[in-house]
Amino acid sequence: MKLLLAAGITGAGGLGLEQAARAAGRPEPFPELPQKQSGQKPEALINTKNGQVMPAAGIIMRHSACLGCYSCCGNRVKIDASTGEILQVFGNPYNPLNSEPHLPYEAPLTEAYLAFSNYQGKGNTARATLCARGLATLQAHQDPMRLLVPLKRAGKRGEGKWQPITWEEAVNETIEGGKLFSEIGENQEIEGLRHVRDFNTLIDPNRPELGPKVNQLVFFGGRDDGRMVFASRFMRAFGSINYFTHGST
């Protein structure tokens, strides 16, 4: 019975569903199949005979870096020009972490399009890829629970109560300080960065090795994911020596 079943499936597959339907006298096109496609608009049309690339109107392609983990692989982002919406993410063919062989940096952008096509088999040898986590960055970007504005504590610590504030309010309160939580009954005066950046007053006169008050600003970050460079430059400019990363000892 298994052999007969396998032979039947093989025969139907060899004939093909379309040929089988024609043999049964079914009219064309098949009325029960949807005629409208729901896939995304391609980023470009490529002539597989001569390699001509025709970028699609309304689609922007940008080469960047993935921050899905600390490897910082490259990525390639497909954007709807009219809405700014990110439609899809791919691997970056210029990045050796995504493709080997990878495109040289001086290669024109048309080569990046061809790397995803069947022209001269380039899509089989140079197609850049992302891991599942890298592809999932699109879901994180579109997550309805994603934080898009600063949140300020609106209750006692640990209560989990927060209120959204503007970026201008967050920057001003961080720099100037003050009684930042007076609206919830807390009258503690909190020093802002402007007051902490003091190179003359010691943190503790009895322990001068701690240095001036400016060292009260401490940065402790994770692994280097591309943002540590900005953080280190900021800490050096601010004047604090207390900059630590994942590998600090």
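The values are calculated or read from the model by the stated rules, or taken from the named source; none is laboratory data. Computed from a prediction, not measured in an experiment: that's the story for all the values here. Cβ: placed from backbone, ideal geometry, glycine included. Neighbour counts: every protein chain shown. Quick note on the areas: whole protein, heavy atoms, side chains included, nothing else; ligands and nucleic acids left out. Shrake-Rupley method; radii C 1.70, N 1.55, O 1.52, S 1.80 Å.
Brief remarks on what is shown
- Rounded, prolate or oblate (a/c below 1.5 giving rounded, otherwise prolate when a/b exceeds b/c) for the stretch 51-112 by Cα gyration tensor: oblate
- The order of the peptides 46-58, 62-74, 157-169 by mean Cβ neighbours within 10 Å, most packed first, is 62-74, 46-58, 157-169.
- Prolate/oblate/rounded call for the stretch 132-248, Cα gyration tensor, a/c under 1.5 rounded: oblate
- Sequentially through the stretch 210-215, phi angles give Karplus couplings (6.51, -1.76, 1.60; θ = phi - 60°) of 6, x, x, 4, 4, 6 Hz, Gly and Pro residues having no value and appearing as x.
- Sorting Met145, Met228 by solvent-accessible area of protein heavy atoms yields Met145, Met228, largest first, with a 1.4 Å probe.
- Solvent-accessible area of Leu217 with every protein chain in place, 1.4 Å probe, in Å² to the nearest 10: 40
- Solvent-accessible area of Phe220, all protein chains in place: 150 Å² (probe radius 1.4 Å, heavy atoms, ligands and nucleic acids excluded).
- Translational diffusion coefficient of the stretch 101-182 (Stokes-Einstein, Kirkwood radius from Cα pairs, 4 °C, 1.567 mPa s): 74 µm²/s.
- Other residues within the sphere of radius under 15 Å centred on the Cβ of Arg194, judged by their own Cβ, net out at -3 (K and R +1, D and E -1).
- Residue-count net charge about Lys152 - beta-carbon cut-off 15 Å; Lys, Arg +1, Asp, Glu -1: -2
- Each Cα pair under 8 Å and six or more residues apart adds its sequence gap; the mean of these over the residue count of the stretch 98-249 is a relative contact order of 11 percent.
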